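Heads up, the thing below is written out as structure tokens.
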């Protein structure tokens, strides 16, 4: 007799899941996945940070060179601070770490592709080997990731120069300010496109120009949702930095290399999986996907 008078019989099948049980909301599923995969997400975050370290070091000095004159001018003439240089150094380092984590979230090339593949699978509740799959998909997307990263750097440089130029010009000619605000709006749209760029890169076989084109299309047709997701990610992104400013506890910035980027990546891919599932038929996406705007003239792709 299995068990004891029918009790403690582990060979007996359970009741199972009722067929008419309503599906859980994505909000609940997100936190279930986060709890279930927490330690894997931590390791993924650390791995992503370590592999990206050479790029991050270069970006640190580039970002710092832009921040130094800004912070020095902002703190100039302040008499209350006992050690202005210490405060300036603290702000430069803290803001640099904040911005570097932002680069990691929105993309720094092939390493972001490897990172995105893992969090995309976790968001789909599919299996992924963190270390091996990270490096495998880093290699698979090395060309597309490198081109995307170089393109991003060029766009950031050109927009920063153009916005600065028209900001100075608007002082003399106020009407020129319209161009400045248009450039700022365009740049924000470009940044929001990155919500879709890397998830699309690791999901579909597309050329870089088609990835950018599709990302722009999704940004436009899902604009309210994209703006909402972008603002939510920005709010979550700056939480450790705000904790630093309110508590002065420097170690909260360790959240960025330990777990915070993975949480943001999981949020992003929960959203993009929903969008791709809504607009793209997965049964037709084995080798290439059709254009979202039915453009049949460009290699039957986006």
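Is it true that residue 69 is surrounded by 15 or more Cβ atoms within 10 Å (Cβ to Cβ), at pLDDT 75 or above and over 26 Å from residue 232 (Cβ atoms)?
Values: surrounded by 15 or more Cβ atoms within 10 Å (Cβ to Cβ): no; at pLDDT 75 or above: yes; over 26 Å from residue 232 (Cβ atoms): yes.
Against the criterion (surrounded by 15 or more Cβ atoms within 10 Å (Cβ to Cβ), at pLDDT 75 or above and over 26 Å from residue 232 (Cβ atoms)), residue 69 does not qualify.
Which residue out of 78, 87, 105 is surrounded by fewer than 21 Cβ atoms within 10 Å (Cβ to Cβ) and either outside any helix (DSSP H, G or I) or at pLDDT 85 or above (or both)?
78
Does residue 94 satisfy the criteria of being farther than 24 Å from residue 252 by Cα and surrounded by 15 or more Cβ atoms within 10 Å (Cβ to Cβ)? If you could, list the steps in order and put the result at the bottom.
On the way: farther than 24 Å from residue 252 by Cα: no; surrounded by 15 or more Cβ atoms within 10 Å (Cβ to Cβ): yes.
Against the criterion (farther than 24 Å from residue 252 by Cα and surrounded by 15 or more Cβ atoms within 10 Å (Cβ to Cβ)), residue 94 does not qualify.
Mind listing just one residue for me: the one in the range 158-182 that is within 30 Å of residue 141 (Cα to Cα) and surrounded by 13 or more Cβ atoms within 10 Å (Cβ to Cβ) and, of those, modelled with the lowest pLDDT?
That would be 160.
State whether the residues of the range 119-134 include one that is part of a helix (DSSP H, G or I), in contact with a helix residue (DSSP H, G or I) (Cβ under 7 Å, 6 or more places away or on another chain) and either free of Cβ contacts under 8 Å to residues at least 24 places away in the same chain or at positive phi (or both).
Kept after step one, since they are part of a helix (DSSP H, G or I), are these residues of the range 119-134: 119-123, 130-134.
In the following step, the residues that additionally are in contact with a helix residue (DSSP H, G or I) (Cβ under 7 Å, 6 or more places away or on another chain) were identified as 119-120, 122-123, 130-131, 133-134.
In the following step, the residues that additionally are either free of Cβ contacts under 8 Å to residues at least 24 places away in the same chain or at positive phi (or both) were identified as 133.
Yes, the range 119-134 contains a residue that is part of a helix (DSSP H, G or I), in contact with a helix residue (DSSP H, G or I) (Cβ under 7 Å, 6 or more places away or on another chain) and either free of Cβ contacts under 8 Å to residues at least 24 places away in the same chain or at positive phi (or both).
The values are calculated or read from the model by the stated rules, or taken from the named source; none is laboratory data. Quick caveat, the model's predicted, so the values are computed rather than measured. Cβ: placed from backbone, ideal geometry, glycine included. Neighbour counts: every protein chain shown.
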